[in-house]
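Take a look at the structure set out below.
The values are calculated or read from the model by the stated rules, or taken from the named source; none is laboratory data. Nothing here was measured: the structure is a model prediction, and the numbers come from that model. In this analysis, Cβ positions are derived from the backbone assuming ideal geometry, glycine residues included, and neighbour counts consider all displayed protein chains. Surface areas here come from the heavy atoms of the whole protein model, side chains and all, with no ligands, DNA or RNA. Shrake-Rupley method; radii C 1.70, N 1.55, O 1.52, S 1.80 Å.
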Amino acid sequence: MHEVNKLFCPRPLIPVLLTFIFGIITGKSLSFYSELLIFFLLILIVITLSACLLVRPSIKFTTFLILFFLIGMLLIINTGHHPSALKELADRREKVILEGTILCPIKFDRDTARVEIRAERLHTELQAKRVDEKVYVTIYNHTPGLSPGQRIRFPARLRLFTNFNNPGKYNYIQAMALRGFTCSASISDGRRIVMMGEGGLGLFPGRLEAIRGPIRKLFQRTLPSKECAIFRALILGEKQEIDHELREPFHRAGLGHLLAVSGLHIGLVAWISFSVFKWLLTLSYGMTLKTNIRNTAALITCLPVIAYTCLAGFQVSSQRAMIMTLVYLVSMIIGREKEIWSTLSLACLAVLALNPNELFSLSFQLSFLAVVGILLLVPVLFQLIPGLAESRQKKSLVSSLSLYFWGLLFATISATVFLLPLTVAYFNSISLVSIPANLTTVPIVGLWILPLGLIGAFFAHASTPLAEFFLQASAWGVKLMMNIIQFWGHFSWATMWVFKPSLFEIILSYMFFLSVFFRKQWRPARYVFLLVLFLLTLDFSFWLYSTRFSNKLRVTFFDVGDGNSALVQFPGKERMLIDGGGFSNSSFDMGRMVVGPALFSKKIMRVDYVVLSHPQSDHMGGLNFISSNFHPKEFWYNGDSVQTPSFIDLMSIIESKGIDIILPKDLENGREISGVKVTLLHPSKKTASTTLNNNSMVLRLSHKGWSFLFPGDLENKGERALTSKAKGLLKSDILLVPHHGSKGSSSEGFLREIGPDIAIISAGKDNYFGRPHAETIERLEKAGCRIIRIDQVGAVEITASIEGLDIRSFYPGLQLALEGQGSFLWNP
């Protein structure tokens, strides 16, 4: 305890911040809101505050920590619990008429467009009322010209945000809630949108848009589309024109952070501004005598920092970076800049006090931990290079440039290494070129693109020729930056996909790092190190056995919305993926965003067999990414071809990767994989159909008395052809219900031949087709099936062994178990 006090007592803001964070996490874990709870916390805060004034000095600080813990709980519980007129309607998917103001520029994605709107008036069949809620609107056809500040009226269907509930899922619901959205709304035809003149952005946002609007138009008029998109991202904080093609090189080079205005950009603006102001002030002999040049420069630097934050849209990420920068500048003015840990703690306290939900945002976590990593590791790295510490005292240009280079290198290494557990958890990848890519691009952004771009933006309201001159000069820097990024990203090994660590593994990783770092300052660190090493060994052993040596057959039915995707883990180390889900007419990559992360979270880096039941988007959309990155050795499909971009790309990947193509004729005698019998039941020469659905590849897997049937999208005609040919071979315990529970499938005769005990239905929640249809549910119940709907319980994992079946759901709060052959147990 003495060592801990020695670490924290000189910097009391550190334990204050930690207890405040712990209070926020505790309050967030409470899944209910109660006015009585708020009242109770207020009483406790008053009592604790009184105790801080009355207790003896030895325990006063402990009481103070309890106070901040309670305040953290109160703030998070009281945040976001506002009455909503739209949420209940969205839960029922009601059709309404909304009036509201457009908040930001529109974003196009193929034939659809998306825009953020503040709904101000709601019209239903029963009433019209005023509202004040943010809505994320999707327009599917004929999108009109829309710009921020316009007021519009439109009919739309409301719906709540949903997640794909798989292992390793991205929490889309939480992400949209953090951005302040209540629900989404869809407009089937943009021609139904009625323009109602100028809306009410509010005094401050309205003033900002009056400044930003002409600059945006100048970018669009002056610059090519690619440079315009990057300038809008760097200067205005708008990423609407950053598409996948433009974003991917940044991702591969580990430079995705350049496209979001955050701590890096505002820090660069502050550094350049401070350097320029300090130099200008030193030119005045009188100012040098009368004032503290350094403090005055720090004070003036606050102005461009605030101005850039406003120009970038005053978004949450830029607000956070502004607060942290201003706190540091103030610490310089009062002469406390060397207390950098206290400064960082105070900045984080300010950010979280304003919005405690920031703690759960990715950008806050990355920004905060990057600074922590830099503060911890950079001093250590500087000590490794002889003579660097002494060169800080020298004033020569060579010494300054040397320090700049080493400082940038060490900061990049420190942030990259310290953020590794978190970046891997969120992005499932490591850029192997991120360090040289950052070293060669960040100076261009900080010394060339941002300064000239901001000067051009400044002159947009004063002199168009001057603005265009500076923008063109800055655009040359963008072209150079893009060439460098393309160079680093073009290597096939630039990015490495890796497994997704769990929260437990992330915590262990940071405990391991900190126990090593503090081994000299804190005596128990060596014991923490040994404990963490032991736990990591146990964790590694568990996953090694589970993924390579288990003797059980495990099948996971993923939640991919209104589509199919199932992972088969054979006994031992081989795996098969049957279909990959997907959406038609959408750029959303189901493989990269949903199926891939689910595989990574299960510590799977290789899929040996990729199976496509039939070439339709809701089954093959995710297979492009899987085929590119999971090293399959065989691709099974029914031989049907379609002239869609997705299928053409998939077959191109299969060919370029040298993956063996397996057709139905190659599977006539079936396969045995690690003791599991895989039988192809359809199609064959006798049962081939002219429709894609009825030509679906049908597979039956059997192992130790248990069997699974995967019938694709067979409809009644295909079912009749299958039962006539494979009569007596269809009996299966688990059935993936064909065609997502459509009423045109799962005929009584088909179900009678299969005799399933469990029926898995993979259909998107509240999908457009209304599946699963009531007629299908009725037939399944009549056949005696126990129905599991993935849209209700999330991804389902079924493990088959001699002992029986074990069924688990990955949906929060639900757990299914099936023991033996006759019992089906729910354990909430």
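Assorted remarks:
- Mean separation of Cα pairs under 8 Å and 6 or more residues apart, divided by the residue count, gives the stretch 720-783 a relative contact order of 38 percent.
- Selection from ILE430, VAL642, VAL351, by position along the positive dipole direction of the chain (Cβ): VAL351
- Taking packing as the residue-averaged number of other Cβ atoms within 10 angstrom, the listed peptides 336-347, 459-470 run from highest to lowest as 336-347, 459-470.
- Where labels lie 7 Å past Cα in the beta-carbon direction, separation of VAL417 and LEU376 in nm: 1.1
- Förster-model FRET efficiency, 41 Å R0, ARG157 and ILE334, C-beta, rounded to 0.05: 0.15
- Computed from the alpha carbon atoms alone, the convex hull of the stretch 525-653 holds 120 Å³ per residue.
- Taking the Cα centre of the chain as reference, the dipole from Cβ charges on Lys and Arg (+1) and Asp and Glu (-1) amounts to some 1640 debye.
- Rg over Rh [alpha-carbon atoms, Kirkwood Rh] for the stretch 224-303: 1.21
- Packing-based ranking of 90-99, 424-433 yields 424-433, 90-99, ordered from highest to lowest mean Cβ neighbour count within 10 Å.
- Across the stretch 643-660, computed HN-Hα scalar couplings (Karplus, 6.51 cos²θ - 1.76 cosθ + 1.60, θ = phi - 60°) run 9, 9, x, 5, 5, 4, 5, 4, 5, 5, 5, 4, 5, 5, 8, x, 7, 5 Hz from first to last residue, x flagging Gly and Pro.
- Estimated translational D of the chain in µm²/s (Stokes, Kirkwood radius over Cα pairs; 25 °C; 0.890 mPa s): 81
- For the stretch 393-489, the alpha carbon positions stretch 48, 41, 23 Å along the principal axes, listed from largest to smallest.
- Accessible area, probe 1.4 Å, largest first, for residues GLU241, GLU35, GLU574: GLU35, GLU241, GLU574
- Rel. contact order, % - alpha carbon contacts under 8 angstrom, at least six apart, the stretch 165-312: 20
- Remark: the stretch 256-264, residue by residue, has Karplus-estimated 3J(HN,Hα) of x, 5, 5, 8, 10, 5, 8, x, 4 Hz, where x stands for each Gly or Pro and the curve is 6.51 cos²θ - 1.76 cosθ + 1.60 at θ = phi - 60°.
- Just so you know, the Cα atoms of the stretch 114-235 work out to an Rg and Dmax of 16.8, 50 Å.
- Dipole magnitude of the stretch 85-165 about its Cα centre (Cβ charges: Lys, Arg +1; Asp, Glu -1), debye to nearest 20: 40
- Calculated FRET efficiency for the pair ASP766/HIS123, C-beta based, R₀ 25 Å, to 0.05: 0.70
- Simple label model, 7 Å out from Cα along Cβ direction - PHE540 to SER58, nm: 4.6
- For LEU553, distant residues with modelled amide H under 5 Å away: ALA800
- Accessible surface, the stretch 621-748, averaged per residue in Å² (probe 1.4 Å): 43
- Cα→Cβ-extended label distance, 7 Å offset, between ASP132 and VAL194, nm: 2.5
- Extension gain for the segment LEU729 to SER50, taken as residue separation times 0.36 nm less the Cα-Cα distance, is 236.7 nm to one decimal.
- Using alpha-carbon coordinates, inclination of helix 13-29 to the longest axis of the chain, degrees: 30
- The distance separating the Cα centre of the stretch 525-576 from that of the stretch 415-435 comes to 21 Å.
- The residue among LEU234, LEU281, LEU480 whose Cα reaches farthest toward the positive pole of the charge dipole of the chain, with charges on the beta-carbon of Lys, Arg, Asp and Glu, is LEU281.
- Karplus-derived 3J(HN,Hα), 6.51/-1.76/1.60, for each residue of the stretch 327-338, Hz, glycine and proline x: 4, 5, 4, 5, 4, 5, 5, 8, x, 10, 5, 6
- Take every Cα pair under 8 Å whose residues are at least 6 apart in sequence, average their separation, divide by the length of the chain, and the relative contact order is 8 percent.
- Of the listed residues LEU735, LEU369, the order by accessible area with a 1.4 Å probe, largest first, is LEU369, LEU735.
- Accessible heavy-atom area order of GLU715, GLU125, GLU748, GLU634, highest first, probe of 1.4 Å: GLU125, GLU748, GLU715, GLU634
- Lysines with Cα under 26 Å of LYS239, excluding same-chain neighbours fewer than 8 positions away: LYS107, LYS134, LYS169, LYS217, LYS226, LYS479
- Adding -39500 (n - 2.57) for every DSSP H run of four residues or longer, then dividing by how many residues the chain holds, sets the calculated 222 nm ellipticity at -15000 deg cm²/dmol.
- Euclidean distance of C-alpha centroids, the stretch 101-146 and the stretch 285-329, integer Å: 36
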